[in-house]
1. Among the residues of the stretch 160-174, write down those that are hydrophobic (A, V, I, L, M, F, W, C), over 13 Å from VAL201 (Cβ atoms) and open to solvent by 50 Å² or more (accessible area, probe 1.4 Å).
2. If we keep just the residues of the stretch 45-91 that are among the aromatic types (Phe, Trp, Tyr), under 26 Å from ILE271 (Cβ atoms) and part of a helix (DSSP H, G or I), which is modelled with the lowest pLDDT?
3. Tell me the residue from THR124, THR94 that is under 30 Å from ALA56 (Cβ atoms), modelled with pLDDT under 95 and open to solvent by less than 30 Å² (accessible area, probe 1.4 Å), please.
4. If you take the residues in the stretch 174-207 that are in contact (Cβ under 8 Å) with a residue 24 or more places away in the chain and within 23 Å of the chain's Cα centre (by Cα), which one is farthest from VAL161 (Cα to Cα)?
5. For the stretch 280-318, what are the residues that are among the basic types (Lys, Arg) and at pLDDT below 85?
6. Looking at the stretch 260-271, can you tell me whether even one residue there is in a helix (DSSP H, G or I) and in contact (Cβ under 8 Å) with a residue 60 or more places away in the chain?
7. State whether one or more residues within the stretch 222-232 are of a type in the set (Val, Ile, Thr), touching a helix residue (DSSP H, G or I) at 6+ places or on another chain (Cβ under 9 Å) and not in a helix (DSSP H, G or I).
8. Given the criterion surrounded by 14 or more Cβ atoms within 10 Å (Cβ to Cβ) and either at pLDDT 95 or above or in a helix (DSSP H, G or I) (or both), identify the matching residue among GLY195, GLY207.
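The values are calculated or read from the model by the stated rules, or taken from the named source; none is laboratory data. Keep in mind that this is a model prediction, so the values were computed, not measured. Methodologically, a virtual Cβ is constructed for each residue, glycine included, from the backbone with ideal geometry; neighbour enumeration extends over all protein chains shown. Surface accessibility is based on the protein's heavy atoms, side chains included, excluding ligands, DNA and RNA. Shrake-Rupley method; radii C 1.70, N 1.55, O 1.52, S 1.80 Å.
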Amino acid sequence: MSGWRDPRDQDPSEPELPRWIFLHSLRVTIGRTPVWLSAASLIGVLALAQALPWFAYYDSVMSASFERGALLRELSETFRFDTRDERAPLEASTRALGAVLALLAMLIGAFSAGGWLQVFLEHTQGESVRRFFYGGARFFFRFVRVLLFTLFWLCVLGWLVYGRPWEWLVLENVCGLAKPDLELFESEGSVRTVGLVQDGVYALGFGCVMVWGDYTRTRLAVHGTRSAVWAGLCTIALLVVHPIRSLRPLLLLSLVELGVLAIGWFLAGLIGRSIDADSSLWPVLGLVAVGLGAHLWRSITRGARYSACVLTTRDVVRPLARPDPWKRSVGGPGGPRYPIDGDEYGVAL
């Protein structure tokens, strides 16, 4: 595997690593407004495709058969029973459409990752949207392979935590149950504790798999390689050798993201409780604004994660023996890069 970079080996032409990587990543990502708007719009289109059929259905049913404000807080049992026949085909089509949209969302995530990395790695200014879509297309199939490995690891994680290994290790050996049956616990509190620990272990493992995927994609882009397997193995070594330097900026970004989303959740609840049958359109628009703001913020923090991964990877991982295609090169924004050969005006074509 590639060796780790000694800080003394840093090229003086490279920018100095910022002290707070997560703050620097947020700043540079927020400054690329057209890029995060484009990334958020790709997912927003999928959400509209899922929501519009239900909006049209409820609008047609409630406007004709129910009193204004009667179902403002919740859908009653009477409503769900009376509309079960009309709702059944819509629910079936929604499940099928949801599966397709979920797959498209994962592919868009792989595409957006390539776009973000292209923007952060290219030493050019302007035409950021063009560079974003060029990078998405350039790295798409490499990142789809990383996506498949990510799904595989998540399946393995789910089997370990919620399958037979957990039952054997935790329920039978640690808790001392005769068989893996939660009803054998003496108290309901023990059942809840085991469930919380189980969910916490899965959440921790899920986060580690996501971090592994981010650094693997970053390594492929930084080194310009194509083997997702080798990049994944090198990423595991990176996370083991430098756990604090690699995980700290992403953890801080996650905390900032969750903090803003918690504020949005509080505002949405506050606005929702103020809506009644006589409310104007403004509270509804307020809910829409909070939802859009949360979605845009997630797009920003997603881009900031890749910026942090780029900075960390370049700081702790030695470049490959061959010339770095991102280091000294020229070329139009969003187009191919040409390495500089010799003096600053000599371009090797």
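1. Matches in the stretch 160-174: TRP168 only.
2. Of everything passing the filter in the stretch 45-91, PHE79 is modelled with the lowest pLDDT.
3. Testing whether each residue is under 30 Å from ALA56 (Cβ atoms), modelled with pLDDT under 95 and open to solvent by less than 30 Å² (accessible area, probe 1.4 Å) leaves just THR94.
4. GLY207
5. Passing the criteria: only ARG318.
6. No.
7. Yes, the conditions are met somewhere in the stretch 222-232.
8. It is GLY207.
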